[in-house]
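**Q** Handing you a structure now.
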Amino acid sequence: MGINTYNLQSIKKELQHLNSSQISDLCLRLAKYKKENKELLSYLLFEADNETGYTDGVKQEIDLLFSSLPSHSYYQAKALRKALKLITKHTKFMASKPAEIDLLLHYCKQYVLFIDRRTGYKPLRQLLNKQLEKTKKLMSALHEDLQYDFQTDFEKVVEQAAEKLSWINKRDYV
């Protein structure tokens with residue numbers, strides 16, 4: 001016999017009936033059992049009001065991952081996937097499309113700087129292609145003003161990638 005899981009609306013109604021000390025006890029208990037819950041709670045309590053500072057911190061983590069990339073293509077791809085997991089986790093916390101685009105553009109810039117242009121390892125190549133496509137798709141859903149701001153950065157990244165990496169076709173993205 002399993003535990004019944006209720007939908008979010010039912011949980012919200014039940015939480016409205018609890019007093020603040022009971023809610024704080026539930027939050028602490030939730031944070032105790034899963035690392036991601038604790039990280040989300042920490043973000044919401046301490047970092048949510050400073051999104052740019054938080055984004056800069058994530059960028060520094062990404063820079064650190066890129067600066068310590070292994071030399072073998074297979075392990076590079078694993079490290080790059082780890083960086084993408086980090087970006088995904090933090091963008092889920094922030095719930096902000098512009099911040100996600102900013103982090104993805106930073107990832108792509110670092111990729112162009114650190115990855116060997118002669119690599120023949122297809123999964124390593126696909127990582128950049130997928131992130132450029134994802135960034136382009138996310139930008140199309142933004143307001144026109146924000147689109148314009150990110151479009152110039154995106155075009156610069158694509159241009160740098162096309163110059164350095166022979167397997168990137170600029171016309172596919174611009």
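**Q** I'm trying to understand the selection: among the residues of region 117-151, which are polar (S, T, N, Q) and either in contact with a strand residue (DSSP E or B) (Cβ under 6 Å, 6 or more places away or on another chain) or closer than 14 Å to Leu104 by Cα (or both)? Steps first, answer last, please.
**A** Going residue by residue through region 117-151, those that are polar (S, T, N, Q) are 119, 126, 129, 131, 135, 140, 147, 151.
Residues satisfying the conditions are Asn129, Gln131, Thr135, Gln151.
**Q** Please find, among Leu30, Leu40, Leu26, the residue that is in contact with a helix residue (DSSP H, G or I) (Cβ under 9 Å, 6 or more places away or on another chain), closer than 30 Å to Lys130 by Cα and among the aliphatic types (A, V, I, L, M).
**A** On inspection, the qualifying residue turns out to be Leu40.
**Q** Looking at region 111-131, is at least one residue part of a helix (DSSP H, G or I), under 17 Å from the mean Cα position of the chain (by Cα) and among the aliphatic types (A, V, I, L, M)?
**A** Within region 111-131, one or more residues are part of a helix (DSSP H, G or I), under 17 Å from the mean Cα position of the chain (by Cα) and among the aliphatic types (A, V, I, L, M).
**Q** Which condition number in (1) modelled with pLDDT of 95 or more; (2) more than 25 Å from Ile168 (Cβ to Cβ) is the one that Thr88 fails?
**A** The one condition Thr88 does not meet is (2).
**Q** Now, a different point. Take region 132-149 and flag every residue that is in a helix (DSSP H, G or I), touching a helix residue (DSSP H, G or I) at 6+ places or on another chain (Cβ under 8 Å) and of a type outside the set (Gly, Ala, Ser).
**A** The answer is Leu132, Lys134, Thr135, Lys136, Leu138, Met139, Leu146, Gln147.
**Q** On to the next question. Among the residues that make up region 68-78, is at least one of them of a type in the set (Lys, Arg), touching a helix residue (DSSP H, G or I) at 6+ places or on another chain (Cβ under 8 Å), closer than 27 Å to Ala99 by Cα and surrounded by 11 or more Cβ atoms within 10 Å (Cβ to Cβ)?
**A** The initial filter retains those residues of region 68-78 that are of a type in the set (Lys, Arg), namely 78.
If we keep only those that are touching a helix residue (DSSP H, G or I) at 6+ places or on another chain (Cβ under 8 Å) as well, we get none.
No.
**Q** Return yes or no: is Lys130 at pLDDT 95 or above and farther than 24 Å from Glu51 by Cβ?
**A** Against the criterion (at pLDDT 95 or above and farther than 24 Å from Glu51 by Cβ), Lys130 qualifies.
**Q** Would a scan of region 51-60 turn up a residue that is loosely packed, with under 12 Cβ neighbours inside 10 Å, within 30 Å of Asp116 (Cα to Cα) and within 16 Å of the chain's Cα centre (by Cα)?
**A** Yes.
The values are calculated or read from the model by the stated rules, or taken from the named source; none is laboratory data. Worth saying up front: this structure is predicted, and the values here are computed from it rather than measured. Ideal geometry is used to build each Cβ from the backbone, glycine not excepted, and the neighbour counts take in all protein chains shown.
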